[in-house]
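Engineer: This structure is in structure tokens; I'll ask about it shortly.
The values are calculated or read from the model by the stated rules, or taken from the named source; none is laboratory data. Predicted model only: the values in this text are computed from it and were never measured. Cβ placement follows ideal geometry from the backbone for every residue including glycine, while neighbour counts extend to all protein chains displayed. Note: areas computed on protein heavy atoms with side chains; ligands, DNA, RNA excluded. Shrake-Rupley method; radii C 1.70, N 1.55, O 1.52, S 1.80 Å.
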Amino acid sequence: MTILFSADGFPTHSWTAAIARHLPGRGLAVEGRDAYDPATVDYALVWKQPHGLFRPLTGLKAVFVLGAGVDKVMTDPHLPACPIARVVDPDLTMRMTGWVTMQVLAHQRGFRHHLALQAAHRWEQAEQPAASAVRVGVMGLGELGRDACAVLARLGFQVAGWSRTARALDGIATFSGPEGLGPFLARTDILVSLLPLTPDTRGLIDRRLIDGLARDGALGGPFLINAGRGGLQVEADILAALDDGRLAGATLDVFETEPLPPESPLWDHPKVTVTPHNAADSDAEAIIRLIARQIARFEAGDGLAHVVDPARGY
Ligand code: NDP
Ligand code: OXD
């Protein structure tokens with residue numbers, strides 16, 4: 001019985017310590033560090049695993065993705081037949097909702113402008129529109145999008161959401177499918193992307209989408225916030241829109257290439273805020289505790305929660 005841990009870029013020590021604490025008495029192999037017999041692996045805990053990793057794991061019972069997004073797993077040409085579960089965890093959701101709220105408020109309240117005034121030692125009280133005058137649109141009404149919508153609505157914003165299938169949410173205007181996208185964008189001053197990366201969403205945030213955003217809003221122009229995945233956005237189109245004023249500003253946590261290359265013009269753009277794909281960090285303790293609970297359920301004969309649908313891709 002072996003747990004295989006393969007998580008590129010994660011600090012191995014804190015994750016293996018959490019595994020030893022919450023899943024004691026099981027064999028543990030770290031991909032790239034330990035030798036192991038692939039036939040003995042029953043659970044794989046992965047983040048950005050090398051494609052092909054699952055192929056020799058003939059006894060695999062379940063895969064646990066160590067984050068919420070599963071795009072790297074789903075593009076593996078040798079997906080196992082066993083269930084693949086992802087992270088849905090209150091700690092991660094709260095971190096994301098905090099980040100999204102912080103960025104929406106920063107745009108509504110002109111935070112970058114205030115930093116510039118401070119740097120120039122200027123005491124100026126610029127007008128700030130009320131939250132109730134600002135229309136926020138959240139793309140993706142999953143675990144993360146729904147929570148962000150609820151908190152933003154509580155802060156007084158006019159909130160709408162867009163999803164693949166129709167959803168009804170208290171106090172939130174909802175739109176769905178390709179036919180719902182146009183009307184959703186047309187009423188959006190601050191666009192928040194919390195979509196997964198799938199073949200349908202790749203490159204969605206492009207020139208056409210940006211041109212569909214509202215231009216008659218209280219902020220004087222639309223803002224973009226993306227914490228979904230970098231593959232959703234066409235950075236050349238975003239930069240062009242920022243430069244010619246079709247976008248008033250952007251906050252990006254995810255990028256076409258990560259880490260964001262030092263030569264990217266996004267780093268120094270006066271209308272762009274960059275965060276390094278840590279809108280919602282994965283906490284080793286919280287996530288391994290969740291996976292230990294999942295394994296206990298699974299071994300008791302109950303189904304796993306938050307299993308990914310390979311046909312949908314998320
Ligand atoms: P969920 O799977 O719970 O929700 C996904 C949402 O996106 C659903 O509402 C779904 O629609 C919608 N969706 C999917 N495809 C389409 C489409 N083609 N058109 C319209 N809507 C679509 O995911 P989570 O909320 O848990 O996470 C969302 C993403 O956030 C992750 O996939 C990941 O990429 C990203 N993420 C980023 C982090 C960061 O630190 N930057 C941290 C964690 C996650 P429907 O409701 O109809 O299924
Ligand atoms: C992600 C995560 O999907 O950190 O980006 O969970």
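Engineer: Given a Förster distance of 25 Å, report the FRET efficiency between residue 124 and residue 218 from their Cβ-Cβ distance, rounded to the nearest 0.05.
Structural biologist: Numbers: r = 19 Å, r/R0 = 0.76.
Plugging the Cβ-Cβ distance into 1/(1 + (r/R0)^6) gives 0.85.
Engineer: In terms of modelled amide H atoms, which long-range or inter-chain residues lie less than 5 Å from the amide H of residue 43?
Structural biologist: Here the answer is 2, 4, 61, since their amide H atoms fall under 5 Å of that of residue 43.
Engineer: From the residues 232, 270, 213, which one has its Cα farthest along the dipole of segment 204-314 in the positive direction, the dipole being from +1 and -1 charges on Cβ of Lys/Arg and Asp/Glu about the Cα centre?
Structural biologist: 213
Engineer: Can you give the angle from 0 to 90° between the axis of helix 90-108 and the longest principal axis of the chain, with both taken from C-alpha atoms, to the nearest 10?
Structural biologist: 20
Engineer: If you roll a 1.4 angstrom probe over the protein chains with everything in place, what fraction of the accessible area of segment 205-272 belongs to carbon and sulfur, to the nearest %?
Structural biologist: Carbon and sulfur: 53 percent of the exposed surface of segment 205-272.
Engineer: Calculate how many DSSP beta bridges within the chain are antiparallel, expressed in % of all such bridges and rounded to the nearest 5.
Structural biologist: The antiparallel fraction comes to roughly 5 percent.
Engineer: Charges at C-beta only: +1 for Lys and Arg, -1 for Asp and Glu. How large is the resulting dipole of segment 270-309 about its Cα centre, in Debye rounded to 20? Numbers along the way, then the final one.
Structural biologist: Numbers: 4 positive and 6 negative charges, 31 e Å.
So the magnitude is around 140 debye.
Engineer: Starting from the 7 Å offset along Cα-to-Cβ, what nm value, one decimal, do you get for the label separation of residue 39 and residue 302?
Structural biologist: Taking the two extended label points, one gets 3.4 nm.
Engineer: Give me the dipole magnitude in Debye, nearest 20, for the chain about the Cα centre, with unit charges on the beta carbon: positive for Lys and Arg, negative for Asp and Glu.
Structural biologist: 520
Engineer: Continuing with the same structure: Give the separation of the Cα centroids, segment 230-283 to segment 139-166, in Å.
Structural biologist: The two parts, judged by their Cα centres, are 22 Å apart.
Engineer: Quick one: dipole size for segment 1-56, taken about the Cα centre, charges +1 on Lys/Arg Cβ and -1 on Asp/Glu Cβ, in debye to the nearest 20.
Structural biologist: Rounded to the nearest 20 debye, it is 120 debye.
Engineer: Of 40, 90, 111, which is farthest on the positive side of the dipole of segment 35-159, counting Cα position, with +1 on Lys and Arg Cβ, -1 on Asp and Glu Cβ, and the Cα centre as origin?
Structural biologist: Result: 111, furthest along the dipole toward the positive end.
Engineer: Here is a further query. When the helices in the chain are scored as -39500 (n - 2.57) per DSSP H run of 4 or longer and the sum is shared across all residues, what 222 nm value do you end up with, to the nearest 500 deg cm²/dmol? Intermediate results must be reported in sequence, preceding the final value.
Structural biologist: Details: 9 runs with 95 residues, N = 314.
Value at 222 nm, helices only, nearest 500: -9000 deg cm²/dmol.
Engineer: Report, to one decimal in Å, the Kirkwood hydrodynamic radius for segment 1-95 based on all distinct Cα pairs.
Structural biologist: 13.7
Engineer: Oh, and also: Which distance in Å, rounded to a whole number, links the C-alpha centroids of segment 27-88 and segment 200-228?
Structural biologist: When both Cα centres are located, 35 Å separates them.
Engineer: Also: Rounded if a/c is under 1.5, else prolate if a/b beats b/c, else oblate: with a ≥ b ≥ c from the C-alpha gyration tensor eigenvalues square-rooted, which is segment 112-267?
Structural biologist: It comes out oblate by the Cα gyration axes.
Engineer: Probe of 1.4 angstrom, ligands and nucleic acids ignored: what's the accessible area per residue over the chain, in square angstrom?
Structural biologist: About 47 Å² of surface per residue is accessible.
Engineer: Using only the alpha-carbon atoms of segment 188-305, report the extent along each of the three principal axes, biggest first, to the nearest angstrom.
Structural biologist: 59, 31, 28
Engineer: Which residue fluctuates the most in the chain, going by a Gaussian network model with Cα springs under 10 Å, if the choices are 164, 122, 293?
Structural biologist: In the Gaussian network model the winner is 122.
Engineer: Over segment 110-174, how many percent of alpha carbon pairs lie in each 10 Å bin up to the one with the longest distance?
Structural biologist: Percent of pairs per bin, in order: 20, 37, 22, 16, 5, 0.
Engineer: Which semi-axis lengths, in whole Å and largest first, follow from the square roots of five times the eigenvalues of the Cα gyration tensor of segment 32-190?
Structural biologist: Over the Cα atoms of segment 32-190, the semi-axes work out to 42, 21, 13 Å.
Engineer: Another question, then. Across all directions of projection, what mean area in square nanometres is found for the Cα convex hull of the chain? Intermediate results must be reported in sequence, preceding the final value.
Structural biologist: Values: hull surface 71.3 nm².
Dividing the Cα hull surface by four gives the mean projection, 17.8 nm².
Engineer: For the chain, with a Gaussian network of springs between Cα atoms less than 10 Å apart, report the residue from 220, 32, 52 with the top mean-square fluctuation.
Structural biologist: 32
Engineer: Out of 233, 128, 103, any idea which swings most in a Gaussian network model of the chain, alpha carbons joined below 10 Å?
Structural biologist: Among 233, 128, 103, the largest GNM mean-square fluctuation belongs to 128.
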